[in-house]
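The values are calculated or read from the model by the stated rules, or taken from the named source; none is laboratory data. Computed from a predicted model, the values in this text were never measured in an experiment. Here the Cβ positions follow ideal geometry from the backbone for every residue, glycine too, while neighbour counts run over all protein chains shown. These area figures cover heavy atoms from the full protein model, side chains too; ligands, DNA and RNA do not enter into them. Shrake-Rupley method; radii C 1.70, N 1.55, O 1.52, S 1.80 Å.
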Amino acid sequence: MKPIRVVVFIATLLITLGVLFYTDGKDHYTRGENASFDLKEGDTFVIKLDENPSTGGKNCWLTDVKSVRLISQDFNPKSSADGAGGVTTYTFKAIAKGVDTLKVANCRLAGEKDCSDYTDDNTKPDNVFVVKVGE
């Protein structure tokens, strides 16, 4: 193998490993990525989304749901620097049978605005998650 190919291969491998290590490679969704979950009552699932609250950007859930409940959320910055963006981990629990569509958008919160100002009617979602809770 030629030296340049080896360097390119190693660089690609290191970048891939870095992305997987940082995002945990599981349950992390970037803008435009969607998913569906098939659950039973009592099951939990995790959604990880990029967020930078220091710039006024906040993930806002645009839809009300009945079959799942948010039980925790935790922001983990990428670095210890002030204003660093990071990943917010949302943990949900299936609480009732049914089908719900979770829509989320990264919204600009400025002045007196909060997430309640953004709805499915006036905001295009960045991610859509369909949740089916059955037996």
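Key figures
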item	result
Net charge of Cβ neighbours under 13 Å - reference ILE95; Lys, Arg +1; Asp, Glu -1	+2
The stretch 38-90 - percent of accessible surface contributed by carbon and sulfur, probe 1.4 Å	45
Loop chymotrypsin sites (Phe, Trp or Tyr not before Pro), the stretch 43-108 (other Cβ atoms within 10 Å of the site Cβ: 14 or fewer; DSSP)	none
Karplus 3J(HN,Hα) series, Hz, for the stretch 119-132 with 6.51 cos²θ - 1.76 cosθ + 1.60 (x for Gly, Pro)	10, 4, 6, 10, 9, 7, x, 8, 9, 10, 10, 9, 10, 10
Accessible surface, per residue, of the stretch 23-109 when the full set of protein chains is kept, probe 1.4 Å, Å²	55
Cα gyration tensor, the stretch 17-113 - rounded (a/c under 1.5), prolate or oblate	oblate
